[in-house]
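Notes follow once the structure below has been shown.
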Amino acid sequence: MILCIGNILSDQQLREVRTALDSGQFEDGRKTAGWHARLVKNNEQMQVSDDSAKALRASVEKSLTEHPLFQMAVRPAKMTPILFSRYRDGMTYGNHVDDPVMGRGAGRIRTDVSFTLFLDDPETYDGGELMTETSAGEQSYKLPAGSAVVYPSSTLHRVAPVTRGQRRVAIGWIQSTIRDPAQREVLFDLDTARRKLFEREGKTTEFDLLTKSLANLQRFWAEV
Ligand code: NI
């Protein structure tokens, strides 16, 4: 399941993030790529070293992880620190699959879910679509600023070359309490149906049974 989630960041947050990125220090993105991804990766990543950049990153992480749709679709257990990436002047990231294990020591995670949170308005740059390859064919994502696409980390994907302006995004990886994307989708569908039923009819017996099933499926599947 690939899901687009709108309005994760407020206009105020977007302004603050863009201001920080405007004056931030960027380094070659190849530093954080595996040996084969390095061959096709050409972008830049902001160094998050001072306190204000760290606070900003924390605020973006909070808005994303507390979003109800993100919670329902991803069921996060652990997450890498968010990276701020920038593509300009023909920069691109060719086909690759993200590393299955990231981080060191206590911060080490298995990557189950990847996300790209768009920070610039799509009208301000050309190209820069996130392209995913699935059995349904190639899909293209270029979302409004403040919206994110969330996809299984097992997906082959690329970023189309940016031919005008700059594409800035926040990206990151999550270890889910539910490893299997198909199981995550079952829980997402059940949770969505349960909430719709609640909106229509309140806390009925049917709602309680769906809630019980949702909880008990998580007891079968969750790794904590
Ligand atoms: Ni990637």
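The values are calculated or read from the model by the stated rules, or taken from the named source; none is laboratory data. It should be emphasised that the depicted structure is a prediction, and the values quoted were computed from it without experimental measurement. Note: ideal-geometry Cβ built from the backbone for every residue, glycine included; neighbour counts use all protein chains shown.
Being away from the ligand (no atom under 16 Å from the Cβ) and among the hydrophobic types (A, V, I, L, M, F, W, C) is the filter here; which residues of segment 165-179 pass it? Hit for segment 165-179 is ILE178, nothing else. Scanning segment 87-103 for residues that are in contact with a strand residue (DSSP E or B) (Cβ under 7 Å, 6 or more places away or on another chain), away from the ligand (no atom under 15 Å from the Cβ) and within 30 Å of THR163 (Cα to Cα) turns up ARG88, GLY90. Residue pairs whose Cβ atoms lie under 8 Å apart, sitting 6 or more positions apart in sequence or on different chains, and linking a residue in segment 136-152 that is on the phi > 0 side of the Ramachandran plot to a partner that is of a type outside the set (S, T, N, Q) and assigned to a strand (DSSP E or B), are GLY146/LEU117; GLY146/PHE118. Counting only strands (runs of 3 or more DSSP E) that fall entirely inside segment 54-135 and contain at least 3 residues that are at pLDDT below 95 and acidic (Asp, Glu), no element qualifies. Only residues that are among the aromatic types (Phe, Trp, Tyr) and more than 16 Å from the ligand (Cβ to nearest atom) were counted in segment 58-86, giving 1.
The residues listed here are ALA215, ALA182, ALA222, ALA148; of these, the one that is within 16 Å of the ligand (Cβ to nearest atom) and at pLDDT 95 or above is ALA148.
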